Amino acid sequence: MPRRGIVVTRFGDQVPFESFLIRDQLLLLERNAPDQVGARKVILQFAEIEAVKIVDPIRTKVFVAAGFVESAAAPVG
């Protein structure tokens, strides 16, 4: 799984990252360039994450191996 992307927080901030580490309920993101105040690392609680945007192309089978499944078809009528 690539380790590059953008995390969208529940406050609407978009945090681009090049790599990450996890610990308990915390996610440490590492940027390749500092933000406006010079920070290169960001620590977020998982509960603060609204979405994760994946930058690199990834085959569906990678997500299936990670436990994602297709949703059941919605009943018609």
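From the list VAL37, VAL7, pick out the single residue that is in contact with a Leu (Cβ under 7 Å, 6 or more places away or on another chain) and among the aliphatic types (A, V, I, L, M).
Within the list VAL37, VAL7, the selection yields VAL7.
Among the residues of the range 11-19, are any exposed (fewer than 13 other Cβ atoms within 10 Å of the Cβ) and of a type in the set (D, E, K, R)?
Looking through the range 11-19, none of the residues is exposed (fewer than 13 other Cβ atoms within 10 Å of the Cβ) and of a type in the set (D, E, K, R).
Could you check, for the range 43-62, whether at least one of its residues is without any contact (Cβ under 8 Å) to a residue 12 or more places away in the chain and either surrounded by 10 or more Cβ atoms within 10 Å (Cβ to Cβ) or small (Gly, Ala, Ser) (or both)?
There is no residue in the range 43-62 that is without any contact (Cβ under 8 Å) to a residue 12 or more places away in the chain and either surrounded by 10 or more Cβ atoms within 10 Å (Cβ to Cβ) or small (Gly, Ala, Ser) (or both).
Values quoted throughout were computed directly from the atomic coordinates according to the rules given, and no laboratory measurement underlies them. These figures come from a predicted structure and were not determined experimentally. Quick reminder, even Gly has a Cβ in these numbers, built from the backbone with ideal geometry, and neighbours come from all protein chains shown.
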